[in-house]
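S.K.: Before we start, here is the structure in question, set down as structure tokens.
The values are calculated or read from the model by the stated rules, or taken from the named source; none is laboratory data. Everything quoted here is computed from the prediction, not taken from an experiment. Virtual Cβ from ideal backbone geometry, glycine too; neighbours counted across all protein chains shown.
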Amino acid sequence: MFTVYFPLLMLLGAVLLFVVATMALTHLVGPKRASVHKHEAFECGIPSQGDARTPFSVQYFVIAILFVLFDVEIIFLYPWAMEFRSLGWTGFFEVALFTSVVCLGFFYIYRHRLFSFKK
Amino acid sequence: MSDIFFWVFSVMAVVSALSVVLNRNPIYSVLSLIVCFFSIAGHYVLMGALFLCAVHIVVYAGAIMVLFLFVIMLMNLKDVPEFVSKWWHFGAAGAAVAAMVFGLATHLFQSYNPRVIGDMQLKPIAQALFTTYAVPFELSAILFLSAVIGVVALGKSE
Amino acid sequence: MFDFFFIIEKLILISAVLGITLFIAAYSTLAERKLAAFFQDRIGPDRAGPFGLLQPLADGLKFLFKEAIIPAKADRFLFVLGPSLSMLAACMACAVIPWGPDLMLFGRTVALQITDLSVGLLYLFGLVSFGVYGVMIGGWASNNKYSLLSTIRASSQMISYELAMGLSLIALVLTTGTLSIREIVLGQPGWHWNILAQPLGFMIFIVCAFAETNRVPFDLPECETELVGGYHTEYSGMQLGFYLFAEYINMFISSAVMTCLYFGGFQMPFIASLGLPQNVVALFGVVFFFVKILMFLFLFIWIRWTLPRFRYDQLMRLGWTGLIPLAIINLLATAVFQLCN
């Protein structure tokens with residue numbers, strides 16, 4: 001256990017050190033000249049209007065939920081993929097049934113044109 | 001050695017869980033929840049449950065939290081009305097939580113027995129999932145299907 | 001329990017791996033610019049050092065000494081956290097890659113791999129899903145409309161292509177029967193590379209790798225004609241440098257991963273029949289591994305300067321209605337094929 005995870009921890013420490021040190025260094029050695037216009041949000045040169053804290057298209061939310069569903073399906077498939085030889089055809093048909101039910105939902109979404117991203 | 005890590009992960013989990021509840025900014029709450037999930041994943045590693053750790057990180061920290069962040073970014077609620085609570089709200093909530101924690105703690109400390117499960121337990125999981133629990137596994141697909149229908153209803157109602 | 005030599009060995013290995021990763025990422029920026037110049041019949045950068053060889057160093061120093069501007073309306077902590085997370089996720093991926101066969105040094109067997117996780121593939125998959133946070137947090141914290149738009153685009157793109165990637169990896173696991181990257185490499189000696197068993201899976205994987213690293217033709221997140229600079233519009237100095245640099249590190253690491261998973265990693269054909277000492281074989285293996293990686297890096301650059309970029313609806317349609325069904329078909333077909341044999 002030690003030989004497997006300790007190097008990982010060491011790598012994490014080294015990368016953290018590198019990231020934190022570089023970030024600290026750039027804030028220390030870089031110049032700092034405050035100016036109202038420089039610190040404004042960039043909007044192609046015209047004065048910026050309001051801020052970016054506004055509600056957004058719900059279509060992306062659909063993508064995110066679908067992502068969660070398929071991610072769970074993929075994680076279910078990993079144990080099967082490791083063990084599918086001993087599970088044989090029974091395991092295959094179980095997975096095929098599971099996948100086809102998920103794909104049914106996928107097809108349902110496809111028919112409702114939620115992937116088209118066109119208004 | 002693993003005792004030290006047990007305490008590190010436990011303290012991390014409790015502190016980040018507290019910060020989920022106490023933070024006023026929802027983005028910081030979500031980030032604290034991610035830290036909390038990672039410390040729980042650390043506990044799984046200590047118990048040798050590598051696959052569960054991977055599931056925890058990929059599904060919870062990687063997928064569900066992305067969904068949460070998405071919701072917060074898309075909704076971008078600026079003017080949340082401040083919820084003013086009466087003192088007895090705090091009292092009632094505190095008593096309920098204290099009772100629950102006490103109950104859980106007394107129950108868990110009697111039966112809690114963390115032990116190393118083994119380096120690789122994908123095979124027993126696969127055997128259990130696809131033979132003993134095959135029907136619940138297939139039923140979870142139906143659950144997904146209902147979630148998909150909910151998504152379409154949401155997306156269509158825009 | 002504490003093996004002193006083990007720690008020294010791993011320390012040297014970690015510094016070497018990190019050093020080489022950063023070095024190759026830095027020089028792939030120069031290669032990118034030189035090759036772009038070649039494709040466009042220009043000379044390219046040639047001022048810093050002979051043939052512009054010191055250009056990456058000059059770029060790095062310039063990033064470091066520029067002002068790291070944090071916009072007034074930005075969330076200061078998250079604004080710095082975003083690029084740091086991107087860099088962290090990019091660098092952590094090199095942990096499970098086997099860089100070569102075992103060396104024999106001073107009577108010890110030295111594995112040229114930082115750690116051989118038994119769930120190495122899942123570790124990589126987890127890091128890919130973790131990489132989304134760097135983009136999401138940085139773009140949101142900027143409090144700029146272009147950044148927000150681009151962040152949401154970028155993260156939906158990354159999560160969509162992650163699915164097809166995961167599915168193509170499962171098809172690979174069906175043929176290899178292991179999740180450890182080292183065992184996957186050792187399972188393809190000589191010319192028995194996994195690409196021969198999984199050609200479609202590899203095609204899906206490489207398309208997803210391009211999408212995950214935000215490279216052309218999937219560089220919608222940085223689409224400068226529509227979104228100014230993309231999610232890092234407000235970034236400057238080393239903070240911007242981290243985002244750009246993380247992209248090149250990701251490119252290098254995904255080249256290494258593709259080589260390991262589908263092209264035999266450090267396995268070199270015919271070398272076993274020559275009867276060379278183990279250390280020489282190991283050195284040849286490392287060199288051959290890096291040759292394969294450099295060919296993938298060239299492919300990344302070549303495609304960038306050849307293809308135009310997708311439109312966003314085309315990209316989403318390709319991911320969801322093209323790659324995911326294809327990956328599922330590939331998965332089931334692989335399973336049937338394996339079970340019939």
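S.K.: If we scan the stretch C:307-317, do we find a residue that is more than 30 Å from A:Ala81 (Cα to Cα), in contact (Cβ under 8 Å) with a residue 60 or more places away in the chain and in contact with a strand residue (DSSP E or B) (Cβ under 8 Å, 6 or more places away or on another chain)? Please lay out each step first, then the result.
M.R.: Looking only at the stretch C:307-317, we keep the residues that are more than 30 Å from A:Ala81 (Cα to Cα), and these are C:307-314.
So of that shortlist, the ones also in contact (Cβ under 8 Å) with a residue 60 or more places away in the chain come out as C:307-310, C:312.
Those left that are additionally in contact with a strand residue (DSSP E or B) (Cβ under 8 Å, 6 or more places away or on another chain): none.
No; the residues of the stretch C:307-317 include none that is more than 30 Å from A:Ala81 (Cα to Cα), in contact (Cβ under 8 Å) with a residue 60 or more places away in the chain and in contact with a strand residue (DSSP E or B) (Cβ under 8 Å, 6 or more places away or on another chain).
S.K.: Which of (1) of a type in the set (A, V, I, L, M, F, W, C); (2) farther than 24 Å from C:Phe5 by Cβ; (3) crowded, with 22+ Cβ neighbours inside 10 Å does C:Val96 not meet, given it meets every other one?
M.R.: All conditions are met except number (2).
S.K.: Test each condition in (1) away from every other protein chain (no Cβ under 14 Å); (2) under 30 Å from C:Thr109 (Cα atoms); (3) not charged (D, E, K, R) for C:Phe5 and report the one that comes out false.
M.R.: (1)
S.K.: Oh, and also: Give the residues of the stretch B:1-54 that are in contact (Cβ under 8 Å) with a residue 24 or more places away in the chain and either over 28 Å from C:Phe125 (Cβ atoms) or touching a Pro at 6+ places or on another chain (Cβ under 9 Å) (or both), sorted by residue number.
M.R.: Of everything in the stretch B:1-54, those that are in contact (Cβ under 8 Å) with a residue 24 or more places away in the chain and either over 28 Å from C:Phe125 (Cβ atoms) or touching a Pro at 6+ places or on another chain (Cβ under 9 Å) (or both) turn out to be B:Phe6, B:His43, B:Leu46, B:Met47, B:Phe51.
S.K.: What number of residues within the stretch A:91-108 are facing chain B (nearest Cβ under 7 Å) and small (Gly, Ala, Ser)?
M.R.: 2
S.K.: Right, here's the next one. Exactly one condition in (1) facing another protein chain (nearest Cβ under 8 Å); (2) in a helix (DSSP H, G or I); (3) polar (S, T, N, Q) is not met by C:Gln157; state its number.
M.R.: (1)
S.K.: Given the options C:Ala31, C:Ala36, C:Ala16, C:Ala26, name the one that is in contact (Cβ under 8 Å) with a residue 12 or more places away in the chain and either within 14 Å of chain A (Cβ to nearest Cβ) or of a type in the set (Phe, Trp, Tyr) (or both). Before the answer, list the steps.
M.R.: Details: C:Ala31 fails: either within 14 Å of chain A (Cβ to nearest Cβ) or of a type in the set (Phe, Trp, Tyr) (or both); C:Ala36 fails: either within 14 Å of chain A (Cβ to nearest Cβ) or of a type in the set (Phe, Trp, Tyr) (or both); C:Ala16 fails: in contact (Cβ under 8 Å) with a residue 12 or more places away in the chain.
One residue alone meets the criteria, C:Ala26.
S.K.: Hey, does the stretch C:327-336 have a residue that's polar (S, T, N, Q) and more than 9 Å from chain A (Cβ to nearest Cβ)? Don't jump to the end; show me each part of the working.
M.R.: Start the filter on the stretch C:327-336 by keeping residues that are polar (S, T, N, Q), which leaves C:330, C:334.
Then keep just the ones that are more than 9 Å from chain A (Cβ to nearest Cβ); that gives C:330, C:334.
Yes: the stretch C:327-336 contains one or more residues that are polar (S, T, N, Q) and more than 9 Å from chain A (Cβ to nearest Cβ).
S.K.: Report yes if C:Ile8 is under 22 Å from the mean Cα position of the chain (by Cα) and either β-branched (Val, Ile, Thr) or in a helix (DSSP H, G or I) (or both), otherwise no. First the steps, then the outcome.
M.R.: On the way: under 22 Å from the mean Cα position of the chain (by Cα): no; either β-branched (Val, Ile, Thr) or in a helix (DSSP H, G or I) (or both): yes.
Taking the combined requirement at face value, the residue does not satisfy it.
S.K.: Can we say C:Ser118 is part of a helix (DSSP H, G or I), within 13 Å of chain B (Cβ to nearest Cβ), within 27 Å of C:Ile14 (Cα to Cα) and among the polar types (S, T, N, Q)?
M.R.: no
S.K.: Just one of (1) away from chain A (no Cβ under 14 Å); (2) touching a Pro at 6+ places or on another chain (Cβ under 6 Å) trips up C:Asp46, so point out which.
M.R.: Of the numbered conditions (1) away from chain A (no Cβ under 14 Å); (2) touching a Pro at 6+ places or on another chain (Cβ under 6 Å), the odd one out for C:Asp46 is (2).
S.K.: Residues of the stretch A:1-32 being farther than 26 Å from C:Ala111 by Cβ and more than 7 Å from chain C (Cβ to nearest Cβ), which ones?
M.R.: Passing the criteria: A:Val20, A:Ala21, A:Ala24, A:Leu28.
S.K.: Right, here's the next one. Any chance the stretch A:92-100 includes a residue that's closer than 27 Å to C:Thr233 by Cα and of a type in the set (Gly, Ala, Ser)?
M.R.: No: the stretch A:92-100 contains no residue that is closer than 27 Å to C:Thr233 by Cα and of a type in the set (Gly, Ala, Ser).
S.K.: Given the structure, is C:Phe106 aromatic (Phe, Trp, Tyr), within 11 Å of another protein chain (Cβ to nearest Cβ) and closer than 30 Å to C:Leu11 by Cα?
M.R.: So C:Phe106 fails the test.
S.K.: Looking for whichever is in contact (Cβ under 8 Å) with a residue 60 or more places away in the chain, under 20 Å from B:Ile72 (Cα atoms) and under 24 Å from the mean Cα position of the chain (by Cα) here; the options are C:Gly120, C:Gly60, C:Gly139, C:Gly100. Which one fits? Reasoning before the result, please.
M.R.: Working: C:Gly120 fails: under 20 Å from B:Ile72 (Cα atoms); C:Gly60 fails: under 20 Å from B:Ile72 (Cα atoms); C:Gly100 fails: under 20 Å from B:Ile72 (Cα atoms).
The match here is C:Gly139.
S.K.: Can you name every residue in the stretch C:70-98 that is in a loop (DSSP other than H, G, I, E, B) and at pLDDT below 90?
M.R.: Selection gives C:Ile70, C:Pro71, C:Ala72, C:Lys73, C:Ala74, C:Asp75.
S.K.: Any chance you could count how many residues in the stretch C:262-300 are among the hydroxyl-bearing types (Ser, Thr, Tyr) and at pLDDT below 85? Steps first, please.
M.R.: First, the residues of the stretch C:262-300 that are among the hydroxyl-bearing types (Ser, Thr, Tyr): C:262, C:273.
Adding the requirement that they be at pLDDT below 85 leaves C:273.
Result for the stretch C:262-300: 1.
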